[in-house]
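The structure appears right after this line, and notes come after that.
The values are calculated or read from the model by the stated rules, or taken from the named source; none is laboratory data. Just so it is clear, the model here is predicted, and its values are computed rather than measured. We place every Cβ from the backbone using ideal geometry, glycine too, and count neighbours over all the protein chains shown.
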Amino acid sequence: MIMLYDIEVRHKPGNGDYFQPYKEIGVEALTSHDAVAKIQRQNPGCQVWCCNSYNEPRSNSSSFSNSGDTEGYFYLALILGALYVTINYWMIVLPIAVLVGIFWLHNKFK
């Protein structure tokens, strides 16, 4: 399972006085050691350590921000709508379904 880590980067004393310390937020890695090693390779000669970890990205948006959620709600509404039409108009839907089934079987075993 991939986790997200916040990694803090600071310069070592004597490596330059004009280095601005910063945090890499949301580094994806399997372990905190892997995340620290990834940032250490990008910043050789700096002090690097993990200061936070979490399972999923932080966001202040609603649950409709992901396309997967919206797509799931769309399919749920589609299924419920088809069920509604089937229940209320069964006297129309049933003969049409039987005719489509007969046509499909006829083409399959032709």
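Scanning region 66-110 for residues that are outside any helix (DSSP H, G or I) and surrounded by 10 or more Cβ atoms within 10 Å (Cβ to Cβ) yields Asn66, Tyr89. Taken over region 3-24, residues that are within 11 Å of Ser53 (Cα to Cα) and at pLDDT below 90 amount to 1. Within region 23-47, the set of residues being in contact (Cβ under 8 Å) with a residue 12 or more places away in the chain, in a helix (DSSP H, G or I) and among the hydrophobic types (A, V, I, L, M, F, W, C) comprises Ala35, Val36, Ile39. Among the residues of region 33-51, how many are farther than 9 Å from Glu8 by Cα and modelled with pLDDT under 90? Qualifying residue count, region 33-51: 4.
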